1. Restricting attention to the range B:247-266, which residues are at the interface with another protein chain (Cβ under 10 Å from one of its Cβ atoms), out of contact with any strand residue (DSSP E or B) (no Cβ under 8 Å at 6 or more places or on another chain) and touching a residue at least 24 places away in the same chain (Cβ under 8 Å)?
2. Out of B:G119, B:G100, B:G130, B:G136, I need the residue that is within 7 Å of chain A (Cβ to nearest Cβ), of a type outside the set (F, W, Y) and surrounded by 19 or more Cβ atoms within 10 Å (Cβ to Cβ). Which one?
3. Those residues that are within 11 Å of chain B (Cβ to nearest Cβ), out of contact with any Pro (no Cβ under 9 Å at 6 or more places or on another chain) and more than 11 Å from ligand 1 (Cβ to nearest atom), I need them from the range A:169-208; list them, please.
4. Regarding the range A:229-249, can at least one residue be identified that is more than 15 Å from ligand 3 (Cβ to nearest atom) and either within 8 Å of chain B (Cβ to nearest Cβ) or among the basic types (K, R) (or both)?
5. Taking only the range B:143-184 into account, find how many residues are in a helix (DSSP H, G or I), farther than 21 Å from B:G100 by Cβ and within 16 Å of ligand 1 (Cβ to nearest atom).
6. Tell me, which residue of the range B:6-15 that is under 34 Å from the mean Cα position of the chain (by Cα) and in a loop (DSSP other than H, G, I, E, B) is surrounded by the most Cβ atoms within 10 Å (Cβ to Cβ)?
7. Among A:G80, A:G57, A:G105, which is modelled with pLDDT of 95 or more, over 22 Å from A:A22 (Cα atoms) and touching a helix residue (DSSP H, G or I) at 6+ places or on another chain (Cβ under 7 Å)?
8. Could you list, in sequence order, all residues of the range B:342-368 that are β-branched (V, I, T) and open to solvent by 30 Å² or more (accessible area, probe 1.4 Å)?
Amino acid sequence: MATMRTPIESGVPDNRPYLHPALLKNYGNWRYHDRPRPGVLHHVSHSGDEVWSVRAGTQRQMDVYTIRKLCDIADTYAEGHVRFTIRSNIEFMVSDPAKVDPLIGALTEAGFPVGGTGNSVSMIAHTQGWLHCDIPGTDASGAVKALMDDLYTEFIKEDMPNRVHLSTSCCEINCGGQADIAIIVQHTKPPKINHDLVANVCERPAVVARCPVAAIRPALVNGKPSLEVDEKKCICCGACYPPCPPMQINDPEYSKLAIWVGGKNSNARGKPTFMKMVASGLPNNPPRWPEVSEIVKKILYTYKEDARSWERIADWVERIGWPRFFEKCDLPFTKYLIDDWRGSRANLNASTHIRF
Amino acid sequence: MAKKMHDTPMLDQLESGPWPSFVTGLKRLAKDKDYMVDLMGQLETSYRTKKGYWKGGTVGVFGYGGGVIPRFTELKDENDKPVFPDAAEFHTLRVQPPAGMHYNTEVLRKMCDIWERHGSGLIAFHGQSGDIMFQGAKTDKVQDAFDELNELGFDLGGAGPAVRTSMSCVGAARCEQSCYDEAKAHRQVINTFLDDIHRPALPYKFKFKFSGCPNDCMNSIQRSDMAVIGTWRDNMRTDEGLARKWFDAHGMNELVNNVISRCPTKTILLKEVKDVAQGPTISSVKISDSHALEIDNSNCVRCMHCVNVMTGALAKGTDTGATILIGGKRTLKIGDLMGTVVVPFLPLKTEEDYEALVELGQKVIDFFAENALEHERTGEMIERIGLVNFLEGIGVDIDPNMVATPRTNPYVRMDGWDDEVARINAKKTA
Ligand code: HEM
Ligand code: SF4
Ligand code: SF4
Ligand code: SF4
Ligand code: SF4
């Protein structure tokens, strides 16, 4: 056993010791950038200094051998400095343009795709899934690997009308977040309660308070304190499961995948938007989830074909309208896609703006 | 000495294809770690049965109440013994990254060595809240691993009802759009709340995120309780050399269809050089000998579009700072919420400015700690009590930039109206 040691509460480390020298020198003094080729950013400072950043995709859940391999490449070509992006891409900064091509060569040879810049499909933001979370309906790293295999060429090229961000989430909590296209597990049946365990494992008032539709009531079952769910009210959100695992919400058959589009965080052009659900009921089908890939690709390639340059998916749908989106992507628009949660009337069409 | 690998036909399929495979990484680790052999056994079982097998528990490090995510296997045989005993415990350490997620190879190699010695050897750069996730350690190794990482200069992040780990964009380090020193703001704010990170005692989680401009690369507006998004309030700067270069490369159609007509407030005008207006809010730049762009900055909403398309030719102003938005979050419980503007512009230039940002964060956290219900996020609290009560609680004056529109319903007591009008007019003339 380790000895008791008082932690050094240092918080966020200072990044200056880790910054590439060109970044440190020109901190806050950048003038503009361009992209000489997919995967490479070229930044020019007011001082006249230039720096090239080469971006590569990673598997995010990396073993130490992979990380050491990336370090070897950084030591050889990139002066020993790297940074990671929010989508788990790695960036190598280079102040000598002659090193860019050899760096790209070394990354490619080691199996790290170079891309993810500009109008590409970047690496998918993802969650933990079966590898580590305690409430997942599906896996995350595997689903992302399968999908990125399919979208590989869209990562290494900049062929989309605008950038495309994807995310996946293995339960409705949606740690993966908002995205142009998001894939999220949806539970379709109310939780199955193991009444023998509830009294020991769950703080009942806390569980009752979690439910967004007040479907959970305390109850006596077989003489023991437990909980019951009004199944007609239940919207299968799964919020009761984390604080009360005997209320099992995941089901090998009935936990399905849903697809959402049009989320955008940036304020560019329009205000930021939430993503909207456009498909549901897809089977949870490891190890490659082909039914999900098929719909994601259909949406992605319809967008690629139909959108104008600089239109994000949200901008594109705003121009063509939702009826045409469903038509073009060959997706059925069902009554379940009409919002009936709080504030839902804001999502209805209160105008005669209709495209024929 | 590693034991025999379990059959993993489904995981094996994830080794084919061009994208880097985490399964190949797991297998490499399993060559000398029984721990990882059994981890793969359990993961394969999940792929086969479509069920997860981890449950939480309590594991921590001395002195801290959070930051370690405990995982114990629930995959047991009929005698209640773990089916994959070597991986019966698989805890994760959430570790705070340097601002902007910069590293050198020396520190990465040291992290690898520590995690190879005490943990599984599997590291995620990074989790969705920004933590470096050191994934997979047994209970009796957690303290050792933490001690070494801690001595290397790293600290645990947040978990549970606490201030959470934060993220800041690359910003000033390498981005011409940066409107403040994101790393400085990130460190100064978060390091004020270390006690609230390490000893969870808030009603629920609280996230800060820092983006240097309205492109919001850190997704702060939808994913943080307090989003600090850089912006500027003076005129956009221009650079004729870069503007002409852009126009030569892209031409008139792109200029009209992709810059001018995509401006959300129709602020950019294309004019003949001789007709370009002058004035205190006007920016203009020649794109050729005959034509120029004219922008009335009083109508620009700093959306970033034109600045993104014509980088350098059009650029942010010099009076820079941030817009603060509060209350973003995802669905549970009342539905998705975006952050709401509570401070339209906070200058971020001087030491005092950064202190003012920290002070604002402190007021918001204090108000949240006192007024939120258990398991209620800041955005939900604001919806329950109303924005005005929240603003009064944190001592911030109202501003029309906080709303999309004024109210549309009359159901409100207006008997304080005259006093408010008098107060606001007095303030204006003061
Ligand atoms: C109970 C088990 C849960 C587990 C194991 C879990 C796990 C995680 C992990 C590992 C991350 C990434 C953390 C990091 O990067 O530092 C994360 C992020 C996140 N979690 Fe959870 N989570 C849980 C519950 C919840 C709940 C109840 C909610 C909301 C109601 C939630 C919402 C989120 C969100 C929105 C993010 C992304 C935050 C961001 O982008 O900053 N999680 N979660
Ligand atoms: S989305 Fe759900 S299952 Fe996946 S990591 Fe987040 S909380 Fe866990
Ligand atoms: S799944 Fe959601 S709606 Fe259903 S009982 Fe649980 S908390 Fe309530
Ligand atoms: S948020 Fe703005 S300043 Fe920060 S990296 Fe993105 S574009 Fe640059
Ligand atoms: S930054 Fe201003 S001028 Fe440029 S497109 Fe946006 S609103 Fe228009």
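1. The answer is B:N258, B:R262, B:C263, B:P264.
2. Values: B:G119 fails: within 7 Å of chain A (Cβ to nearest Cβ); B:G130 fails: within 7 Å of chain A (Cβ to nearest Cβ); B:G136 fails: within 7 Å of chain A (Cβ to nearest Cβ).
When all the criteria are applied, what remains is B:G100.
3. Once the filter is applied, which keeps residues that are within 11 Å of chain B (Cβ to nearest Cβ), out of contact with any Pro (no Cβ under 9 Å at 6 or more places or on another chain) and more than 11 Å from ligand 1 (Cβ to nearest atom), the range A:169-208 yields A:A179, A:A182, A:I184.
4. Looking only at the range A:229-249, we keep the residues that are more than 15 Å from ligand 3 (Cβ to nearest atom), and these are none.
No, there is no match, as no residue in the range A:229-249 is more than 15 Å from ligand 3 (Cβ to nearest atom) and either within 8 Å of chain B (Cβ to nearest Cβ) or among the basic types (K, R) (or both).
5. 1
6. Restricting to residues being under 34 Å from the mean Cα position of the chain (by Cα) and in a loop (DSSP other than H, G, I, E, B), the top hit is B:L14.
7. Details: A:G80 fails: over 22 Å from A:A22 (Cα atoms); A:G105 fails: touching a helix residue (DSSP H, G or I) at 6+ places or on another chain (Cβ under 7 Å).
Sole residue among the options that is modelled with pLDDT of 95 or more, over 22 Å from A:A22 (Cα atoms) and touching a helix residue (DSSP H, G or I) at 6+ places or on another chain (Cβ under 7 Å): A:G57.
8. Hit for the range B:342-368 is B:T350, nothing else.
The values are calculated or read from the model by the stated rules, or taken from the named source; none is laboratory data. These numbers were taken from a predicted model, which means no experiment stands behind them. Cβ: placed from backbone, ideal geometry, glycine included. Neighbour counts: every protein chain shown. Heavy atoms of the whole protein, side chains included, go into the accessibility calculation; ligands, DNA and RNA do not. Shrake-Rupley method; radii C 1.70, N 1.55, O 1.52, S 1.80 Å.
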